Amino acid sequence: MKYKLTLIYPAHKKNLNGNKSKRGKYPIPQLSLPTIAGLTDDRFEVSIIDDNIEDIDFDAKPNLVGITTMTTLAPRAYVIAQEFRKRGIPVVLGGIHASMIPEEASAYADSIVVGEAEGIWQTVLEDFIHGKLKKIYKGTGQSRLTNLPRPRLDLLKRNRYFSTNLIMASRGCPHDCYYCSVTTFWGRSFRYRPIADIIEELKLLKGRMVFFADDNLYGNKIYAKKLFREMIPLRKKWSCQGDSLIANDDELLSLAAESGCQWIFIGIESLSEKNLLKMRKSFNKVHQYKESFKKIHSAGINIFGSFIFGLDEDDENVFKDTVDFAIDAKLDAANFYILTPLPGTKLFQEMKETGRLLHTQWDRYDANHVVFRPAKMTPEQLIEGLIFSYRYFYSIPSIFKRMLRHDNKKLIQSLELNIGRFLRRKRFEKVCRMEDIPCPH
């Protein structure tokens, strides 16, 4: 008889109300739980529950529950953990928040896994079977990415997502940006999977569209070029996260396009050189942005830009200036975030030490709410500026100005995304203002 292991991804607060079964498709799932399931041996029958798209049956009787935690989801993760523990079911918490603040998380779980699961998860399972779960398990460091078991994507509810074709080629990032917890968790150097393993895994993914979960897929240009060359015969269409520096290497950009790159999510963050310098992201060259974006567009690749508001050089003018730039640069889509000092980052430590944190209500640490004292505006001005930016960028005039460029090879796809954002603008505003959100059907 197999042990039953239930792995749970907690819901965002905005997704807890209403009938989850009647909602539209969720964008894409996280890769963390399928990865854990892949590391689990066949003594266990594993299931994955995404709290965003399905209800949790707390009266089900798994033998063991594992919950992943991001900072903004931590309160919900703790509630879920308490419900199962009340029923006598042991709970293991892991993920980046539990790893950054294990002393807090350990109050809500039987065990905490700190760091990467590879190298330690099997020990957790053995200890569970023998009734000897320890309070804290620490990963063995930065695991080698060779001979990894394939993530159990088959356990995801495929019909509830736009796509479940997820893959990761690398971990880590050398940039060590001031606000980012990636280097704290994954390390400050790139680690790569063997290209042959990635190609074999890509071949097994059904359908052509693939999403790379790497923080910067082409951070190592030599590796990326080899990977893209091997991907060309597969005829996949893929998207990733990266930086604008791809425009500086014609060969890399050409290979990305030829291998099927459709979208790149680029962290532009700020138009202020001073902000970028303090963020330790001065490799972003503001004066090169527009020319870089033109080159990427000319290669047939769409750009999903990302901007952060509330940096110390930002005043009330930053919102319109930023969106004017984004429209002028004809960005295909954009996300606008409020600077959020996450535990484990240098930014969090600095704001804590200087008394700028307003609170540690973790569910508001979602980049849509103000959790610190801005330097050159009030918290109210910052939240209203975020709402203004979303409405302005996804206004009908902005959409058509950005979409109607001569090299836009994905016009219909881009229009669908932008019109969808336009239709959801009131919901976004309610989320930011923490008003009651009617569940969309």
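General remarks:
- F348 meets the conditions (1) in a helix (DSSP H, G or I); (2) touching a Cys at 6+ places or on another chain (Cβ under 6 Å); (3) not β-branched (V, I, T) in every case but one. The failed one is (2).
- Residue within the stretch 186-207 that is part of a helix (DSSP H, G or I) and either basic (K, R) or modelled with pLDDT under 90 (or both) present: yes
- Test: residue in the stretch 56-69 that is touching a residue at least 40 places away in the same chain (Cβ under 8 Å) and touching a His at 6+ places or on another chain (Cβ under 8 Å): yes
- The listed residues are F307, F283, F325, and the only one of them that is among the aromatic types (F, W, Y) and modelled with pLDDT under 95 turns out to be F283.
- Scanning the stretch 84-104 for residues that are in a helix (DSSP H, G or I) and of a type in the set (A, V, I, L, M) yields I96, A98, M100.
- Checked against the criterion of being under 19 Å from the mean Cα position of the chain (by Cα), surrounded by 19 or more Cβ atoms within 10 Å (Cβ to Cβ) and within 24 Å of F304 (Cβ to Cβ), the stretch 368-378 contains one or more residues that satisfy it.
- Scanning the stretch 257-272 for residues that are closer than 24 Å to N317 by Cβ and in contact with a helix residue (DSSP H, G or I) (Cβ under 6 Å, 6 or more places away or on another chain) yields I266, S270, L271.
- Checked against the criteria, L386 counts as assigned to a helix (DSSP H, G or I), modelled with pLDDT of 95 or more and within 23 Å of L73 (Cβ to Cβ).
- Condition check for I264: within 24 Å of M168 (Cα to Cα), in a helix (DSSP H, G or I) and at pLDDT 95 or above: no
- Here P90 passes the criteria (1) at pLDDT 95 or above; (2) crowded, with 22+ Cβ neighbours inside 10 Å except the one numbered (2).
- Under the condition of being outside the structural domain of G88 (by TED's automatic domain parsing) and touching a Leu at 6+ places or on another chain (Cβ under 7 Å), the residues counted in the stretch 98-144 number 0.
- If the condition is being among the acidic types (D, E) and either in a helix (DSSP H, G or I) or crowded, with 16+ Cβ neighbours inside 10 Å (or both), then the stretch 273-324 contributes E273, E291, E313, D314, D321, D324.
- From the list A107, A81, the one residue that fits, being under 30 Å from N368 (Cβ atoms), within 23 Å of the chain's Cα centre (by Cα), small (G, A, S) and assigned to a helix (DSSP H, G or I), is A81.
The values are calculated or read from the model by the stated rules, or taken from the named source; none is laboratory data. All values reported here derive from a predicted model rather than from experimental measurement. Counting neighbours? That spans all protein chains shown, and the Cβs are built from the backbone with ideal geometry, glycine included.
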